[in-house]
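The values are calculated or read from the model by the stated rules, or taken from the named source; none is laboratory data. Predicted model, so just to flag it, every value in this text is computed and none were measured. Counting neighbours? That spans all protein chains shown, and the Cβs are built from the backbone with ideal geometry, glycine included. Please note that ligands, DNA and RNA were not included when accessible areas were found on the heavy atoms of the full protein model with its side chains. Shrake-Rupley method; radii C 1.70, N 1.55, O 1.52, S 1.80 Å.
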Amino acid sequence: MTNSAFLTLALGIVLLLFGRRAFWIFVAVAGFIAGLTFATQYMSGQSELVILLIAIVAGVIGAILAIMLEWLAILIAGFLAGGFLATTLAVSLGIT
């Protein structure tokens, strides 16, 4: 299991345990996963550390948005989560 896969799994478990009480974690996780997916697809020549740093920065931006602009954070997180789930489902069904 790679470091990024382990970190994604750990963040998912935290999200399941805390739920709505800490929705900013959800927004941060959505930003992290979006950053990780983007960096993995478009920066494949970079080291895993650079990809992980990009994902962490995206997650931190998401958490800051969640704290300061709650309505905007919910909008962006819903968009990212829905897009991620839709693309994951399409790939698993073999749609290119």
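The table below gives the values:
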item	result
Highest to lowest packing among 26-35, 50-59, 83-92, 65-74, scored as the average C-beta count within 10 Å	26-35, 50-59, 65-74, 83-92
FRET efficiency estimate (nearest 0.05) - Cβ-Cβ, Asn3 to Ile67, R0 35 angstrom	0.85
Stokes-Einstein D in µm²/s, Kirkwood radius over Cα pairs - the chain at 20 °C with 1.002 mPa s viscosity	156 µm²/s
Stretchable slack from Ile56 to Leu93, in nm (0.36 nm times residue separation minus alpha-carbon distance)	10.4 nm
Percent accessible area from carbon and sulfur atoms, the chain, protein chains only, probe 1.4 Å	77 percent
